[in-house]
Structure formats: structure tokens, C-alpha cells
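These notes concern the structure reproduced below.
The values are calculated or read from the model by the stated rules, or taken from the named source; none is laboratory data. Treat the numbers as computed from the prediction; the structure is a model and nothing was measured. Here the Cβ positions follow ideal geometry from the backbone for every residue, glycine too, while neighbour counts run over all protein chains shown. Quick note on the areas: whole protein, heavy atoms, side chains included, nothing else; ligands and nucleic acids left out. Shrake-Rupley method; radii C 1.70, N 1.55, O 1.52, S 1.80 Å.
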Amino acid sequence: MRLKTLGVVLITAVSLFGVFYWVTDTPRRDSNLATEQQNLLAYGKELFALPDTLHPANPGCAQCHGPEGKGGQVGDTGVKAPNLHSPSIATKLQANSHYVNLVIRFGGVVVSGNVKSPMPAWSAEVGGALNVQEIDALTALVESWAKAAAASVPAGTPPPNTAAAGDDVFHNLTTAPACASCHGQDLAGVPNTYPNLQKIGSAPVTDLPTPISGLAKLQADYKADPRKFLENWIRDSAKNYNGGAATGMPAYGPDALSDAQLQALITFLLEHK
């Protein structure tokens with residue numbers, strides 16, 4: 001009788017433990033996941049601040065993007081690395097959840113098509129300095145910045161007319177091909193294909209891959225008002241400077257580029273002298 005009673009007690013205890021474990025399992029897993037995510041972000045921040053030990057000629061993330069990832073100069077090249085606290089990056093993640101990971105692994109060529117992009121490929125699988133775990137930590141960090149930036153901006157809020165906002169438009173426009181996809185992350189373009197814009201704030205580009213009929217008007221308009229010229233060129237270069245014939249530069253109407261985005265973009269471009 002005693003053994004039977006003991007068996008009942010043990011079975012009851014095991015059953016109660018099972019119920020307790022089941023009830024508390026999800027919160028426990030959520031807590032463990034949150035801890036792991038915090039550790040991953042902390043590791044990502046540590047890596048972000050380090051130089052490229054495998055390739056000393058390459059600066060580390062913070063040396064270009066700034067210690068907080070908010071953009072900075074790429075050495076003495078005159079090129080500015082983009083702000084990683086960008087709502088546009090979050091938008092791109094919605095279209096491709098691997099976007100940030102791919103850029104870190106394989107470099108700026110992923111977004112610009114320029115094999116000479118100053119953003120190096122960091123993955124060890126292509127000769128870079130970082131292993132899979134390190135790539136994952138940096139990916140988590142940049143994604144967290146982008147998503148936080150997106151959450152802080154109410155939907156439909158126009159960008160301010162600043163060079164920083166224009167930098168974001170240049171590199172991360174999502175409603176049409178981003179400027180950087182042709183002109184490169186560093187604005188250097190591709191010889192004989194896409195113009196170099198690194199000195200667009202000082203003079204117009206006249207050595208165009210596709211000759212235009214309105215070159216004299218282009219030069220006169222730039223001299224009179226560089227901002228107004230860039231508005232005309234970006235909105236519809238074919239109509240405004242080539243008698244309606246294609247120039248190689250697509251037209252960016254208001255549906256592709258809002259007025260606020262256009263002004264911020266121009267402010268950014270005019271800083272390049």
C-alpha cells in the first residue's frame with residue numbers, strides 16, 4: 001500500500017513538474033534569446049571599433065563610418081561613408097532580409113556594382129578578415145541601428161534638407177534605383193559608363209558618356225544656379241538638355257523622388273567640391 005501511495009505521489013510530482021516546465025518554457029526561452037541578442041550586439045560593437053588586422057591597409061568599420069556608425073570620411077579620399085542609422089536600410093531589409101549581411105560579407109560592390117568600392121569584403125570566404133560569427137554580430141548591430149532609426153521616424157515624414165539626409169537618399173533610395181547603384185558609393189562612377197560626381201559641387205560634368213545637344217545650356221544653367229540645374233537634370237535630363245532624347249540618366253519624377261528628397265540630395269551633392 002505504501003509503495004502504491006509513493007508511486008502516486010511521484011507520478012503526481014512529475015506531472016506537476018511537467019506542467020510547470022511547459023508553462024514557464026516560453027518566457028524562459030524568450031529571456032535566453034534576449035540575453036543572447038544583447039551579447040551579440042555587444043560583440044558587434046566591439047568588432048565595429050576594431051581595425052582590419054588581416055589587411056592593415058583596410059580601415060575598420062568605425063574608421064570610416066564613425067565611432068557610432070553615423071557616417072564619416074574614408075581616410076583622405078574625400079569620400080564619405082554612409083550613416084548606418086538609416087531608415088532606408090530598414091526598408092531594404094524588408095525587401096531582402098539578408099541585405100546588410102551581404103554588404104558586409106561581399107563589400108560595396110553589392111549595392112554599387114563598383115568593384116573598386118572603398119567598402120571592402122569582410123568575409124573570410126572571399127579573403128576577408130571576419131568569420132561567420134563575427135559577420136553575424138556586425139549584421140545584428142547594423143540591423144538594430146537601422147530598425148531603431150526607422151521606428152523613430154513617423155511614416156511619411158519628409159527628410160530634412162541636410163547633407164546627411166541627402167547622403168541617405170543617394171545611397172539608400174528605395175522607390176527607384178539609388179544614385180549609388182550607378183555612380184558608386186564614393187561617387188566615382190564607372191569610366192565611360194556613369195559620370196564621376198566627386199566634384200559636382202564645383203563644376204558640372206561635361207564629359208558625359210552620352211553626348212547631349214544642350215551642353216552649352218547645361219553649363220550656363222549650372223553657372224547661374226547649380227541647385228536649379230541639378231533639379232532640372234535629375235528630374236528629366238532628356239527633356240531639359242537633350243531635346244527629349246535619352247541621356248543615360250533616368251528621369252526621377254516626384255513618384256520616385258519627392259521634392260524633399262530631391263533638395264536633400266542636391267545639398268549632399270553640392271558639398272562635393
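Given the criteria touching a residue at least 24 places away in the same chain (Cβ under 8 Å), within 21 Å of LYS80 (Cβ to Cβ) and in a loop (DSSP other than H, G, I, E, B), does ILE212 qualify?
In short, no.
Please verify whether LEU269 is in a loop (DSSP other than H, G, I, E, B) and either open to solvent by 50 Å² or more (accessible area, probe 1.4 Å) or hydrophobic (A, V, I, L, M, F, W, C) (or both), treating the condition exactly as stated.
No; evaluated as a whole, the condition is false for this residue.
Looking only at residues that are closer than 17 Å to CYS182 by Cβ and small (Gly, Ala, Ser) in segment 246-273, which one is farthest from the chain's Cα centre (by Cα)?
ALA246
Hey, could you check segment 206-261 for residues that are surrounded by fewer than 20 Cβ atoms within 10 Å (Cβ to Cβ), touching a Gly at 6+ places or on another chain (Cβ under 9 Å) and of a type outside the set (A, V, I, L, M) and say which is farthest from ASN196 (Cα to Cα)?
That would be GLY243.
Looking at (1) among the aliphatic types (A, V, I, L, M); (2) in contact (Cβ under 8 Å) with a residue 60 or more places away in the chain; (3) assigned to a helix (DSSP H, G or I); (4) buried (at least 16 other Cβ atoms within 10 Å of the Cβ), can you tell me which one ALA148 breaks?
Condition not satisfied by ALA148: (4).
Which of the residues that make up segment 86-118 are outside any helix (DSSP H, G or I) and open to solvent by less than 50 Å² (accessible area, probe 1.4 Å)?
Correct list: SER86, GLY107, GLY108, ASN114, SER117.
Those residues that are without any contact (Cβ under 8 Å) to a residue 12 or more places away in the chain and either closer than 18 Å to LYS45 by Cα or surrounded by fewer than 12 Cβ atoms within 10 Å (Cβ to Cβ) (or both), I need them from segment 119-132; list them, please.
Scanning segment 119-132 gives GLY127, ASN131, VAL132.
Could you please let me know if LEU141 is open to solvent by less than 50 Å² (accessible area, probe 1.4 Å), touching a Leu at 6+ places or on another chain (Cβ under 6 Å) and either under 25 Å from GLY189 (Cβ atoms) or in contact (Cβ under 8 Å) with a residue 60 or more places away in the chain (or both)?
Against the criterion (open to solvent by less than 50 Å² (accessible area, probe 1.4 Å), touching a Leu at 6+ places or on another chain (Cβ under 6 Å) and either under 25 Å from GLY189 (Cβ atoms) or in contact (Cβ under 8 Å) with a residue 60 or more places away in the chain (or both)), LEU141 qualifies.
On the given criteria, is THR77 of a type in the set (Ser, Thr, Tyr), more than 26 Å from SER258 (Cβ to Cβ) and part of a loop (DSSP other than H, G, I, E, B)?
Judged against the criteria, THR77 is a match.
List the pairs whose first member sits in segment 244-269 and is free of Cβ contacts under 8 Å to residues at least 12 places away in the same chain, whose second member is assigned to a helix (DSSP H, G or I) and surrounded by fewer than 21 Cβ atoms within 10 Å (Cβ to Cβ), and whose Cβ atoms are under 6 Å apart, counting only residues at least 6 apart or on separate chains?
GLY244/ALA238
What number of residues in segment 72-97 are touching a helix residue (DSSP H, G or I) at 6+ places or on another chain (Cβ under 9 Å) and among the charged types (D, E, K, R)?
2
Among the candidates ASP225, ASP186, single out the residue that is touching a residue at least 60 places away in the same chain (Cβ under 8 Å) and either in contact with a His (Cβ under 9 Å, 6 or more places away or on another chain) or among the charged types (D, E, K, R) (or both).
Answer to the check: ASP186.
Quick one: would you say ALA140 is under 26 Å from ALA264 (Cβ atoms) and of a type in the set (Gly, Ala, Ser)?
Answer is no for this residue.
Considering only residues that are of a type in the set (Val, Ile, Thr) and under 26 Å from ILE89 (Cα atoms), look in segment 180-205 and name the one that is least open to solvent (accessible area, probe 1.4 Å).
Ranking the candidates gives ILE200 first.
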